[in-house]
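First up is the structure itself, then whatever we jot down about it.
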Amino acid sequence: MQELPDIIAPGLRVLFCGINPGLVSAETGHHFARPGNRFWPALHQSGFTPRQFRPDEQKELLELGLGITNIVDRPSARADELSRADLAAGGENLVKKVLAYEPEWLAVVGVTAYRVAFGDKKAAMGRQDRLIGATKVWILPNPSGLNAHYTLPKLAAAFAELKAAS
């Protein structure tokens, strides 16, 4: 497995934040790389990208003012394999990263992970009251194929709400 690098630069419009790398992402070195993950289709269908990017084209996001990171760096087969301590420590590291790079928006994919990482039991989808420095925070649904609550059209609509706000 290889280290999954952040796709990040100072002053991004949106820094998307996954929960942690899946095994396919860790194996390939590309974010949201598992077949069936709907991040890339949702990103395109919401209007963030002019076409659907492949995971191996992730660095091209920077030209669009977009980036990707994770709450927890350690890969796992499923996000529910992470402990509360993993997520809380990841949240602290994420705050440091956001303060260093100052994106306009931090978009965390996964409300449950966000709640644990930021100690906010009542957080809901969409814009949050929280700011990290000057960075605004938004919660998106988890695009994993394991998240059966959200179809691709519903995911794309949620991403489009953030696109409209950013």
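The values are calculated or read from the model by the stated rules, or taken from the named source; none is laboratory data. Small disclaimer: the values here were computed from a predicted structure and weren't measured. Quick reminder, even Gly has a Cβ in these numbers, built from the backbone with ideal geometry, and neighbours come from all protein chains shown. Keep in mind that these areas ignore ligands, DNA and RNA; they rest on the heavy atoms of the full protein, side chains included. Shrake-Rupley method; radii C 1.70, N 1.55, O 1.52, S 1.80 Å.
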Check: Somewhere in region 28-42, is a residue surrounded by fewer than 16 Cβ atoms within 10 Å (Cβ to Cβ) and assigned to a loop (DSSP other than H, G, I, E, B)?
Finding: yes
Check: Has region 153-163 got at least one residue that is outside any helix (DSSP H, G or I), of a type in the set (G, A, S) and either in contact (Cβ under 8 Å) with a residue 12 or more places away in the chain or surrounded by 15 or more Cβ atoms within 10 Å (Cβ to Cβ) (or both)?
Finding: no
Next item on the list: Would you tally the residues in region 53-100 being over 26 Å from G36 (Cα atoms), touching a strand residue (DSSP E or B) at 6+ places or on another chain (Cβ under 7 Å) and not hydrophobic (A, V, I, L, M, F, W, C)?
Entry: 1
Notebook entry, point to check: Does I139 fit the bill of being modelled with pLDDT of 95 or more, under 15 Å from P21 (Cβ atoms) and not in a loop (DSSP other than H, G, I, E, B)?
Noted result: no
Item checked: region 78-114 - residue that is in a loop (DSSP other than H, G, I, E, B) and more than 14 Å from V137 (Cα to Cα) and, of those, least open to solvent (accessible area, probe 1.4 Å) -> L82
Checklist line | Search result, residues across region 115-127 that are within 15 Å of the chain's Cα centre (by Cα) and either part of a strand (DSSP E or B) or loosely packed, with under 13 Cβ neighbours inside 10 Å (or both) | finding: G126, R127
Margin query: For region 60-73, give me the residue count where each residue is more than 15 Å from the chain's Cα centre (by Cα) and not acidic (D, E).
Written below: 1
Check: So which pairs qualify, if the first residue must be in region 94-110 and without any contact (Cβ under 8 Å) to a residue 60 or more places away in the chain, the second must be open to solvent by 40 Å² or more (accessible area, probe 1.4 Å), the Cβ gap must be under 6 Å, and the two must be at least 6 apart or on different chains?
Finding: L99/G133
Check: For region 1-21, which residues satisfy the criterion of being open to solvent by less than 50 Å² (accessible area, probe 1.4 Å) and modelled with pLDDT of 90 or more?
Finding: I7, I8, A9, L12, V14, L15, F16, C17, G18, I19, N20, P21
